[in-house]
Amino acid sequence: MADVKLTHVKKIYSNKVEVLKDINLDIKQGEFIVFVGPSGCGKSTLLRMISGLEEITSGTLEIDGQVVNDVPPALRGIAMVFQSYALYPHMSVYDNMAFSLQIAKLSKEDIDQQVRKAADLLQLTPYLDRLPKALSGGQRQRVAIGRAIVRRPKVFLFDEPLSNLDAALRVATRMEIANLKESMPDSTMIYVTHDQVEAMTLADRIVLLSGGDVEQVGPPLDLYEHPANVFVAKFIGSPSMNVVPCKIEKAGEQTSVSICPSIVVDTPIVTDVKEESKAAFFGIRPENLVVVETAEEGFLTGEVTFVESLGEATLLYVKVPGCDEAMIAKQAGTLNIKRGDTVHLSALPEKMHLFDSNELSYLR
Amino acid sequence: MAQLASALMTMIVGILGCVVYFYGSNILLDKIFPTKNRPAQDVARNLRIANNVRPWLFLGPAVLLLTFYLFYPVIDSIRLSFFDRSGDEFVGISNYVWLFGNDEFFESFQNNMLWLIVVPTMSTFLGLVIATMTDRIWWGNIAKSLIFMPMAISFIGASVIWKFIYDFRSGGDAQIGLLNAIVVFFGGEPQNWITMPFWNNFFLMVILIWVQTGFAMVILSAALRGIPDETIEAAVLDGASGVQIFFKIMVPQIWGTIAVVWTTITILVLKVFDIVLAMTNGQWDTQVLANQMFDWMFRGGGDFGRGAVVAIVIMVMVIPIMVWNIKRANAEMEGR
């Protein structure tokens with residue numbers, strides 16, 4: 001069993017900057033957890049605290065049921081893959097992977113067996129004698145992963161492992177990491193990224209961080225469909241969700257709100273009667289806005305101010321009179337709509353989101 | 001006063017001369033190969049020629065001076081080594097025959113070898129250790145400045161300082177030398193350190209180590225900072241201890257720089273002269289090649305032929321190390 005449990009974990013640097021405020025997480029064995037968030041949110045710091053490279057200011061970190069706050073990194077049963085690969089430039093691929101085993105004083109045969117097994121798994125066997133500088137970026141990243149595998153850690157830590165790779169290689173390596181997880185179902189993996197696509201595709205559960213706080217923890221689609229607050233709603237999904245201020249006209253089993261500022265929208269969201277006539281936020285994802293023929297079919301009408309044709313989809317920036325910001329509507333395929341055209345937009349009521357004045361979601 | 005004025009005058013004239021030369025010659029070049037208001041074809045041709053000539057305008061004076069001050073003395077030393085004491089009469093290889101039968105030469109050669117082994121090793125080792133340590137403590141930069149400071153002292157100056165440290169007063173006189181003061185404080189007998197055969201060589205070497213450690217430290221400290229932090233963190237995660245990280249991860253990554261520092265100090269050591277001259281002048285078995293050369297050429301010896309022979313020996317020893325050093329340094333540069 002290799003659960004990772006963080007209880008009231010904080011990180012405060014000596015200059016009183018609070019990087020992480022009270023993090024509580026319960027990671028189960030075999031889970032693939034992704035820490036995601038904008039730069040400076042503390043996700044890498046959190047990972048480094050789990051690895052032991054960074055001290056924990058307060059709170060406890062448990063790995064495998066044992067408090068490891070003061071256990072040296074090497075004895076925590078973890079292995080880390082760095083963004084810059086961090087290969088030892090003066091050692092061959094073989095020695096890079098064997099180093100930790102040599103330090104642990106394993107027998108030559110054991111080391112050889114484990115290194116070759118890992119090399120085989122990662123298709124590195126032909127390169128074992130090469131120095132890192134003679135490898136491509138993707139190969140280097142695989143060596144870094146191999147170096148982690150040979151230690152047979154309970155927990156794998158990945159610190160933005162794909163950000164130094166080009167786009168095509170990133171997709172390929174992402175799949176390799178997914179396959180790796182598949183082949184080692186018992187290992188816990190914690191993965192840091194700022195890329196929400198990586199987070200969505202790899203994670204069993206996403207931990208979305210911002211400003212040193214956990215915003216939401218949950219399976220990727222949960223975060224997509226039921227964001228806990230405006231931040232999560234806007235961070236997950238591309239382009240991000242349209243969120244506009246609104247006023248609650250009628251609360252209860254079904255909530256009616258007015259946006260922009262006099263368009264009334266009926267949603268199936270349940271709200272407390274106390275909420276009536278309060279200010280709130282209304283959200284709808286660009287991909288849930290559909291262009292319709294007539295004003296009667298839709299609920300929004302506006303002028304197209306900008307068109308982005310991506311081939312597989314078209315993004316329309318629609319300025320609705322009364323709203324400050326343009327709404328983005330994502331339509332499949334290519335459309336014959338130009339800048340300056342007037343369009344009508346509709347949306348399924350169950351795809352709508354409502355957030356209270358503190359930007360927290362009203363639970364449905 | 002008059003001296004100061006003339007020195008100042010020389011400086012001003014020299015600097016002005018340089019400015020006039022570089023500025024003037026470049027303007028002249030642009031005049032001869034104009035690039036303004038010309039047909040495009042001429043402009044391209046003139047630009048190409050001017051760009052080929054310009055480096056020589058800048059390099060020219062240095063190349064000329066180096067030829068004169070380096071190349072010519074080498075050639076003339078070789079010539080002198082085959083001539084008699086006044087440099088007039090050709091004597092074949094008799095100077096070389098004399099040298100290889102000379103006891104003092106073997107003493108110098110042995111001492112030089114000793115210097116060669118001890119000084120570069122100690123300076124590089126201490127420099128490396130200090131560079132590593134000072135990177136970890138808050139007062140590291142102060143310590144570094146202090147350790148680097150002897151670099152600013154001339155070898156003669158350093159020798160004078162260390163003469164006070166090794167100073168010995170016979171009889172019941174109070175010891176003013178630091179080392180003897182310490183020895184006496186702990187109840188020991190004061191010693192005349194620099195006349196103690198064999199060991200006095202090491203007392204002289206300490207001076208050069210004291211001076212050169214700062215050099216090694218600065219260069220190696222820069223190299224150490226060039227090591228990516230992640231490789232060290234990766235080694236920490238791999239379970240390596242501090243000592244293992246130092247020897248297995250850090251040192252191999254800066255091996256090239258260590259070699260350059262080592263050989264640079266080695267070349268310097270081969271030419272060691274000032275310290276021996278100032279401290280013992282080669283007495284009490286501390287003679288070295290450079291001092292022996294100086295003795296024969298300009299002092300009591302007054303023999304240009306024999307002096308030149310010793311000079312040639314030093315040069316032959318330096319050249320291979322120098323070549324290797326330059327190659328290493330170039331390789332290091334390319335790595336950047």
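Listed here are the residues, each with its yes/no results for (1) under 24 Å from the mean Cα position of the chain (by Cα); (2) closer than 23 Å to B:Ser77 by Cβ.
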| position | (1), (2) |
| --- | --- |
| B:Asp238 | no, no |
| B:Phe247 | no, no |
| B:Gln253 | no, no |
| B:Val260 | yes, no |
| B:Phe273 | yes, yes |
| B:Met297 | yes, yes |
| B:Pro320 | yes, yes |
| B:Ile326 | yes, yes |
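The residues listed here are B:Ala216, B:Ala131, B:Ala181; of these, the one that is in the same structural domain as B:Thr280 (by TED's automatic domain parsing), touching a Gly at 6+ places or on another chain (Cβ under 7 Å) and in a helix (DSSP H, G or I) is B:Ala216. Given the criteria farther than 20 Å from A:Val343 by Cβ, touching a Pro at 6+ places or on another chain (Cβ under 7 Å) and of a type in the set (Ser, Thr, Tyr), does A:Thr255 qualify? Judged against the criteria, A:Thr255 is not a match. For the range A:257-274, filtering for residues that are crowded, with 18+ Cβ neighbours inside 10 Å and of a type outside the set (A, V, I, L, M, F, W, C) leaves 2.
Does A:Gly311 satisfy the criteria of being without any contact (Cβ under 8 Å) to a residue 40 or more places away in the chain and either in a loop (DSSP other than H, G, I, E, B) or more than 25 Å from A:Ala251 (Cβ to Cβ) (or both)? Answer is yes for this residue. Filtering A:Ala168, A:Ala178 for residues that are out of contact with any strand residue (DSSP E or B) (no Cβ under 6 Å at 6 or more places or on another chain), in the same structural domain as A:Asp120 (by TED's automatic domain parsing) and more than 28 Å from A:Ser51 (Cα to Cα) leaves a single hit, A:Ala168.
Might you check whether a residue that is part of a strand (DSSP E or B) and open to solvent by less than 10 Å² (accessible area, probe 1.4 Å) occurs anywhere in the range A:318-327? Yes: the range A:318-327 contains one or more residues that are part of a strand (DSSP E or B) and open to solvent by less than 10 Å² (accessible area, probe 1.4 Å).
Got at least one residue in the range A:61-71 being closer than 15 Å to A:Val150 by Cβ and surrounded by 17 or more Cβ atoms within 10 Å (Cβ to Cβ)? Scanning the range A:61-71 turns up no residue that is closer than 15 Å to A:Val150 by Cβ and surrounded by 17 or more Cβ atoms within 10 Å (Cβ to Cβ). Against the numbered list (1) within 20 Å of A:Glu225 (Cβ to Cβ); (2) open to solvent by less than 40 Å² (accessible area, probe 1.4 Å), A:Pro349 comes up short only at (2). Scanning the range A:33-60 for residues that are away from chain B (no Cβ under 14 Å) and either basic (Lys, Arg) or open to solvent by less than 40 Å² (accessible area, probe 1.4 Å) (or both) returns A:Ile33, A:Val34, A:Phe35, A:Val36, A:Gly37, A:Cys41, A:Gly42, A:Lys43, A:Leu46, A:Ile56, A:Gly59.
A:Arg130 fulfils the conditions (1) open to solvent by 60 Å² or more (accessible area, probe 1.4 Å); (2) touching a residue at least 40 places away in the same chain (Cβ under 8 Å) except for a single criterion, (2).
Among residues belonging to the range B:233-262 that are more than 9 Å from every other protein chain (Cβ to nearest Cβ) and open to solvent by 50 Å² or more (accessible area, probe 1.4 Å), point out the one that is nearest to A:Arg76 (Cα to Cα). Once the filter is applied, the top-ranked residue is B:Gly242.
Quick check on the range A:288-302. Is at least one of its residues touching a strand residue (DSSP E or B) at 6+ places or on another chain (Cβ under 9 Å), in a strand (DSSP E or B) and without any contact (Cβ under 8 Å) to a residue 40 or more places away in the chain?
Looking only at the range A:288-302, we keep the residues that are touching a strand residue (DSSP E or B) at 6+ places or on another chain (Cβ under 9 Å), and these are A:288-302.
Remaining after also requiring in a strand (DSSP E or B): A:290-292, A:300-302.
Right, trim to without any contact (Cβ under 8 Å) to a residue 40 or more places away in the chain and you get none.
There is no residue in the range A:288-302 that is touching a strand residue (DSSP E or B) at 6+ places or on another chain (Cβ under 9 Å), in a strand (DSSP E or B) and without any contact (Cβ under 8 Å) to a residue 40 or more places away in the chain.
Taken over the range B:284-296, the criterion of being open to solvent by less than 30 Å² (accessible area, probe 1.4 Å) and assigned to a helix (DSSP H, G or I) is satisfied by B:Leu289, B:Ala290, B:Asn291, B:Gln292. Among the residues of the range A:135-164, those that are surrounded by fewer than 18 Cβ atoms within 10 Å (Cβ to Cβ) and within 14 Å of chain B (Cβ to nearest Cβ) comprise A:Arg152, A:Ser163, A:Asn164.
For A:Thr193, indicate whether it is surrounded by 22 or more Cβ atoms within 10 Å (Cβ to Cβ) and either in contact with a His (Cβ under 7 Å, 6 or more places away or on another chain) or closer than 29 Å to A:Ser84 by Cβ (or both). For A:Thr193, the condition - surrounded by 22 or more Cβ atoms within 10 Å (Cβ to Cβ) and either in contact with a His (Cβ under 7 Å, 6 or more places away or on another chain) or closer than 29 Å to A:Ser84 by Cβ (or both) - is met. Scanning the range A:74-117 for residues that are within 7 Å of another protein chain (Cβ to nearest Cβ), surrounded by fewer than 20 Cβ atoms within 10 Å (Cβ to Cβ) and under 25 Å from A:Val192 (Cα atoms) yields a total of 2. Here A:Gln114 meets each of (1) over 22 Å from A:Ser44 (Cβ atoms); (2) assigned to a loop (DSSP other than H, G, I, E, B) with one exception, condition (2).
For the range A:164-173, the criterion of a residue being more than 30 Å from A:Ile284 (Cα to Cα) and in contact (Cβ under 8 Å) with a residue 40 or more places away in the chain is satisfied by at least one position. The number of residues in the range B:120-151 that are closer than 22 Å to B:Asn325 by Cβ and either among the aromatic types (Phe, Trp, Tyr) or modelled with pLDDT under 90 (or both) comes to 4. Taking the numbered list (1) more than 30 Å from B:Ile245 (Cα to Cα); (2) open to solvent by 60 Å² or more (accessible area, probe 1.4 Å); (3) part of a helix (DSSP H, G or I); (4) among the polar types (S, T, N, Q) in turn, B:Asn111 passes all entries but (2). Candidates are the residues of the range A:246-271 that are acidic (Asp, Glu) and more than 32 Å from the chain's Cα centre (by Cα); the one that is farthest from A:Leu223 (Cα to Cα) is A:Glu249. For beta carbons closer than 7 Å, sequence separation of 6+ or different chains, a first residue in the range B:57-79 that is in contact (Cβ under 8 Å) with a residue 60 or more places away in the chain and a second that is β-branched (Val, Ile, Thr) and part of a helix (DSSP H, G or I), the qualifying pairs are B:Ser77/B:Ile312; B:Ile78/B:Ile312.
Out of A:Met91, A:Met49, A:Met80, A:Met1, one residue alone is within 27 Å of the chain's Cα centre (by Cα) and either at pLDDT below 90 or in a loop (DSSP other than H, G, I, E, B) (or both). It is A:Met1. Within the range B:299-327, the residues that satisfy the criterion of being within 16 Å of B:Ser81 (Cβ to Cβ) and open to solvent by 70 Å² or more (accessible area, probe 1.4 Å) are B:Phe304, B:Val316, B:Ile319.
The values are calculated or read from the model by the stated rules, or taken from the named source; none is laboratory data. Everything quoted here is computed from the prediction, not taken from an experiment. When we count neighbours, we look across all protein chains shown, and the Cβ atoms used for this are built from the backbone with ideal geometry, even at glycine. Surface accessibility is based on the protein's heavy atoms, side chains included, excluding ligands, DNA and RNA. Shrake-Rupley method; radii C 1.70, N 1.55, O 1.52, S 1.80 Å.
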